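Below is one structure, written out as structure tokens; the observations come after it.
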Amino acid sequence: MPALPPHARDNSDMRNRRTFLAVLAPAAFAALVASPAQAQGEVLKIGVILPLTGTLASSGRQIEGAIKLWLAQHGNKVAGRTVQLIVRDDGTLPDTTRRLAQEMVVNDKVVALAGFGITPSALASAPIATQSKTPMVVMAAATSAITEASPYIVRTSFTLPQAAVGIAEWAAKNGIRKTVTLVADYGPGFDAEKYFAERMLLNGGQVVEKLRTPLRGPDFAPALQKVRDIKPDALFVFLPAGQGAAFMKQFAERGLDKSGIRLIATGDVTDDDQLADMGDVALGVVSSHHYSAAHTSAMNRKFVADYMALNKFRPNFMAVGGWDGMRVLYKALEASKGAGGDALLAAMKGQLFESPRGQVLIDAQTRDVVHDMHIRRVERRDGQLWNIEFDAIKAMKDPGKLR
Ligand code: VNL
């Protein structure tokens, strides 16, 4: 195991069910608890389901940190009503996600569902959103087809076709012709592999081998041995957030960082949560993604500083998906005056706003996110590694929706 940052390992404070009342200012907290006039029916409950334990728990921790920050800064009153977040851990298990979604809709009567760390969890819960007409904000999962699984799904993360096309465009312009792809063997990996290959071919390049590693407990050694033998100009990689450090370690152990084979990736691999600990092997890796903690806007600088002050770790793209999801929910609840269902969904569609990542549009037709896809290079600044943005494809729609 690579050295994980302490927050990724420490599950000692984990409880299955949490609410975030405790992070509010003490006065607000006391008012909430002490107000018997607050009828139960007036509280707006939002059900958040995240992988807080299990193989991809770092993404849940990232999103949870963003929700805490949102509540600390925006309070828990919307449209004159009290918002209560119910946060539950699905252990990165899709059957559990689905069961929790069902319980939240039926028992807790939530106005919206949110979170969804991996594609199988989002897909498993989609029928519940549809049947109950409950808007479902996908803050993490990124397979293109997710938004088509239910008309009640709205996405604030990104899509793999966006990221894969972004880096393929850069590769083609930078003399990379012969490539090998290596992806996690499930939905977002299939998207990454397909859209990277299509764009490479369109630009006169080649993909000579397509390699896949299991989602759970991957061993990268056999794939890396093949890459070494093939000697492509570049290896393109997609792995879910949280696996990048283990991959980089094996890449370096096999001497691939000194082999002349370039490493290019989606930004999931040079994930800001793990990047600082990856070491020199990550230096110079070019990736494409919608968010870097090094994004230079004033809004992002404040976001990163506030996030780190509260959570003691660096926010990554998962945190921003969570933050923007809260923004979409709060604005929509204001517009619907606290109503759920179709009124709430309608108020989510077409939202256009500045995010720590840059400008974001929730496309009213597709309910998917439109944003800039940045090209970034890992560099050391002030002793730490960062994804330094140097180019962008502006206002990119999901290429998966254009066919
Ligand atoms: C997914 C996509 C998950 C990209 C990820 O990390 C990620 C997914 C947990 O759709 O399952 O970086």
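The values are calculated or read from the model by the stated rules, or taken from the named source; none is laboratory data. Everything numeric here is computed off the predicted structure, so don't read it as measured data. Every residue, glycine as well, gets a Cβ built from its backbone with ideal geometry; the counts of neighbours run over all protein chains shown.
Conditions: (1) out of contact with any strand residue (DSSP E or B) (no Cβ under 8 Å at 6 or more places or on another chain); (2) within 16 Å of the ligand (Cβ to nearest atom); (3) in a helix (DSSP H, G or I). THR97 meets all but one. Number of the miss? All conditions are met except number (1).
Tell me which residues, restricted to segment 185-237, are of a type in the set (A, V, I, L, M) and closer than 19 Å to VAL286 by Cα. Selection gives ALA192, ALA197, MET200, VAL207, LEU224, VAL227, ALA234, LEU235, VAL237. The lone criterion from (1) under 30 Å from LEU44 (Cβ atoms); (2) within 16 Å of the ligand (Cβ to nearest atom); (3) hydroxyl-bearing (Ser, Thr, Tyr) left unmet by SER287 is number (1).
Can you name the residue in segment 218-241 that is within 14 Å of the ligand (Cβ to nearest atom) and in a strand (DSSP E or B) and is also nearest to LEU123 (Cα to Cα) among such residues? Write out each step before concluding.
Just the residues of segment 218-241 that are within 14 Å of the ligand (Cβ to nearest atom), to begin with: 218, 237-241.
Add one more test, that the residue is in a strand (DSSP E or B), and what stays is 237-238.
Working: VAL237: 24, PHE238: 20 Å.
Filtering first and then ranking leaves PHE238.
Being within 23 Å of GLN351 (Cβ to Cβ), crowded, with 24+ Cβ neighbours inside 10 Å, in contact with a Phe, Trp or Tyr (Cβ under 6 Å, 6 or more places away or on another chain) and not hydroxyl-bearing (Ser, Thr, Tyr) holds for only one residue in ALA122, ALA192, and it is ALA122.
To keep it simple, each residue is scored yes or no on (1) of a type in the set (S, T, N, Q); (2) more than 18 Å from the chain's Cα centre (by Cα); (3) buried (at least 24 other Cβ atoms within 10 Å of the Cβ).
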residue	(1), (2), (3)
GLY115	no, no, yes
LYS178	no, yes, no
LEU182	no, yes, yes
VAL207	no, yes, no
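Being surrounded by 24 or more Cβ atoms within 10 Å (Cβ to Cβ), more than 19 Å from the chain's Cα centre (by Cα) and on the phi < 0 side of the Ramachandran plot holds for only one residue in VAL269, VAL285, and it is VAL285. The numbered conditions (1) modelled with pLDDT under 95; (2) more than 16 Å from the ligand (Cβ to nearest atom) are all true for LEU329 except (1).
Of the residues ARG367, ARG357, which is touching a residue at least 24 places away in the same chain (Cβ under 8 Å) and touching a His at 6+ places or on another chain (Cβ under 6 Å)?
Working: ARG367 fails: touching a His at 6+ places or on another chain (Cβ under 6 Å).
Result: ARG357 is the single residue among ARG367, ARG357 that is touching a residue at least 24 places away in the same chain (Cβ under 8 Å) and touching a His at 6+ places or on another chain (Cβ under 6 Å).
Looking at the structure I just gave you, is GLN102 part of a helix (DSSP H, G or I) and farther than 30 Å from ALA309 by Cβ? It is true that GLN102 is part of a helix (DSSP H, G or I) and farther than 30 Å from ALA309 by Cβ.
Taken over segment 123-144, the criterion of being assigned to a helix (DSSP H, G or I) and closer than 19 Å to HIS371 by Cβ is satisfied by SER144 alone. For segment 380-391, the count of residues that are among the polar types (S, T, N, Q) and under 30 Å from ASN76 (Cα atoms) is zero.
When segment 183-217 is filtered for residues that are away from the ligand (no atom under 13 Å from the Cβ), of a type in the set (A, V, I, L, M) and in a helix (DSSP H, G or I), the ones remaining, listed by number, are ALA197, MET200, LEU201, LEU202. Restricted to segment 326-403, the set of strands (runs of 3 or more DSSP E) holding at least 3 residues that are within 21 Å of ALA141 (Cβ to Cβ) comprises 358-362, 369-381.
For segment 106-143, which residues satisfy the criterion of being near the ligand (Cβ under 10 Å from one of its atoms) and either of a type in the set (A, V, I, L, M) or touching a residue at least 60 places away in the same chain (Cβ under 8 Å) (or both)? Even if it seems obvious, please write down each step before you answer.
Keep residues of segment 106-143 that are near the ligand (Cβ under 10 Å from one of its atoms), which gives 116-123, 138, 140-143.
Correct list: PHE116, GLY117, ILE118, THR119, PRO120, SER121, ALA122, LEU123, VAL138, ALA140, ALA141, ALA142.
Reported count of residues in segment 145-182, each being of a type in the set (Lys, Arg) and either within 12 Å of ALA265 (Cα to Cα) or assigned to a helix (DSSP H, G or I) (or both), is 1. Only one of the numbered conditions (1) acidic (Asp, Glu); (2) surrounded by fewer than 24 Cβ atoms within 10 Å (Cβ to Cβ); (3) without any contact (Cβ under 8 Å) to a residue 60 or more places away in the chain is not met by GLU169, and that is (3).
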